[in-house]
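Comments concern the structure below.
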Amino acid sequence: TIQQVRGFELLDSRGNPTVAAEVVLSDGSRGFAASPSGASTGAREAIELRDGNAKRYFGKGVTNAVGHVNGELSDALVGQAAGDQGEIDRLMIALDGTPTKARLGANAILAVSLALAKASAASSRQPLYRHLGGDRTPVLPMPMMNIINGGAHADNNVDMQEFMIVPVGAPCFSEAMRWGVEVFHSLKALLKGRGLSTAVGDEGGFAPDLPSNEAAIEVILSAIEQGGFKAGQDIALGLDVASSEFHRNGFYELASEGKRFSSAGFAEYLGRWVDAYPIVTIEDGMAEADWEGWELLTAKLGRRLQLVGDDLFVTNTGILRQGIARGAANSILIKPNQIGTLTETLAAIAMADDAGYSSVVSHRSGETEDTTIADLSVCTAATQIKTGSLCRSDRMAKYNRLLLIEAELGQSARFAGRAAFPRSLP
Ligand code: PGA
Ligand code: ZN
């Protein structure tokens, strides 16, 4: 039985307030979780409730959301059986009463939802990934590590948001991490040697000014080689174009290159990159409003590589269903706070599975030390995680949690490996 629900206003990795919650059960088990926060948010995401009081935290305070945890949510949940996560999540959704969780706040509801799952796991004396996974065999995900940041996550001139390395040749999770870290340090030395900035963006990736978006790919390829790895075979590339951020009046505008494309033109542009570079995954290659562009891009490249919908799907089964019907993308990014409960997050992964879409579990650019997504990536059929670069503890906490899960599983630890990318590697 749920005995206590408490909310807290904590601070995230960007120094902005965020909601955390603790759930205590009658047997004394406790769960604690914090909501993350995006910067390049999708227009259709669940609503993050902020106070808007300019006198506190420039309007970003979350005392109202925390008040809802301590008030309405606590009142509704205390005394309820803790065992049925779906039931509690549905109760919170009904209590909120809006389609976007705008009244109580998705940041409030998600913190409680995740804290409840952790309390239940503690009560059953199981790690979270076991508690949530049931009979399913745990699988360590392929990490996609974002080592150059641009777009809304950095103050450099790079238009595209994330340039990721994907150690497709690594035999296990810890080796994938080592390979990634070695490339990260090689990249730092390389940038430094060229007199470029080694300061990092919101997700811990380097954020130098570069002559073009393609230059980010070129410098990463050099870092892969300098680290002693083969680009493509050992370490492939992934992009989050986050193109909704530079889609204006129906055109894709790359300010750093002074270029402007129609949807078809931009699909051609990305297609040339796929021909030239070992790219295995592209997220938000088209903008959230550009369904026709998505259909076009998927028809053109969808058999060759993973096309992930983030802003497009916002972890929402209603929108994902439309996308599947229209043949838009072949993969979904999974961010629990885009939808606001654990149950709905798991439903999005299940729907993707059924449709043959892959799932990529993801952090937000504003994070905390909370590591729930690491367990989530292991217990579900998701075989990939993206949780930033290889520095900053808000990012490393998730990777470290996965390293500990791998150690805990020992000989029985399975790694998604290359099979996470069923489409042919370039
Ligand atoms: P966000 O970025 O958390 O700022 O939305 C992450 C992403 O776009 O994948
Ligand atoms: Zn994204």
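Summary of values
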{"read-out": "Segment 204-240, subset touching a Pro at 6+ places or on another chain (Cβ under 8 Å), under 22 Å from Arg395 (Cα atoms) and not small (Gly, Ala, Ser), residue farthest from ligand 2 (Cβ to nearest atom)", "value": "Ile235"}
{"read-out": "Helices (runs of 4 or more DSSP H) contained in segment 50-136 and holding at least 2 residues of a type in the set (Asp, Glu)", "value": "85-96"}
{"read-out": "Residue in segment 345-362 that is among the hydrophobic types (A, V, I, L, M, F, W, C), under 15 Å from Ser35 (Cβ atoms), modelled with pLDDT of 95 or more and within 16 Å of ligand 1 (Cβ to nearest atom) present", "value": "no"}
{"read-out": "Of all residues making up segment 25-47, the number that are within 16 Å of ligand 2 (Cβ to nearest atom) and not small (Gly, Ala, Ser)", "value": "4"}
{"read-out": "Segment 272-290, subset more than 13 Å from Val241 (Cβ to Cβ) and out of contact with any Leu (no Cβ under 8 Å at 6 or more places or on another chain), residue nearest to ligand 2 (Cβ to nearest atom)", "value": "Ala289"}
{"read-out": "Residue match in segment 344-366 (condition: in contact (Cβ under 8 Å) with a residue 40 or more places away in the chain, in contact with a Gly (Cβ under 7 Å, 6 or more places away or on another chain) and of a type in the set (Val, Ile, Thr))", "value": "no"}
{"read-out": "Residue under evaluation Thr372, criteria (1) within 13 Å of the chain's Cα centre (by Cα); (2) within 16 Å of ligand 2 (Cβ to nearest atom); (3) hydroxyl-bearing (Ser, Thr, Tyr), criterion not met", "value": "(2)"}
{"read-out": "Residues satisfying the stated conditions in segment 387-426, i.e. over 16 Å from the mean Cα position of the chain (by Cα), part of a loop (DSSP other than H, G, I, E, B) and of a type outside the set (Lys, Arg)", "value": "Cys391, Ala413, Ala416, Phe421, Pro422, Ser424, Leu425, Pro426"}
{"read-out": "Pairs, first at positive phi in segment 392-421, second at pLDDT 95 or above and surrounded by fewer than 20 Cβ atoms within 10 Å (Cβ to Cβ), C-beta under 9 Å, six or more apart", "value": "Gly417/Gly169; Gly417/Pro171; Gly417/Cys172"}
{"read-out": "Where Ala43 falls short, out of the listed (1) within 16 Å of ligand 1 (Cβ to nearest atom); (2) touching a residue at least 12 places away in the same chain (Cβ under 8 Å); (3) within 24 Å of Thr371 (Cα to Cα)", "value": "(3)"}
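Here's the yes/no breakdown for (1) in a loop (DSSP other than H, G, I, E, B); (2) buried (at least 19 other Cβ atoms within 10 Å of the Cβ); (3) within 16 Å of ligand 2 (Cβ to nearest atom):
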{"residue": "Asp159", "(1), (2), (3)": "yes, yes, yes"}
{"residue": "Met164", "(1), (2), (3)": "no, yes, yes"}
{"residue": "Ala170", "(1), (2), (3)": "yes, yes, no"}
{"residue": "Ala176", "(1), (2), (3)": "no, yes, no"}
{"residue": "Gly180", "(1), (2), (3)": "no, yes, no"}
{"residue": "His185", "(1), (2), (3)": "no, no, no"}
{"residue": "Ala189", "(1), (2), (3)": "no, no, no"}
{"residue": "Ser197", "(1), (2), (3)": "yes, no, no"}
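The values are calculated or read from the model by the stated rules, or taken from the named source; none is laboratory data. Quick caveat, the model's predicted, so the values are computed rather than measured. Counting neighbours? That spans all protein chains shown, and the Cβs are built from the backbone with ideal geometry, glycine included.
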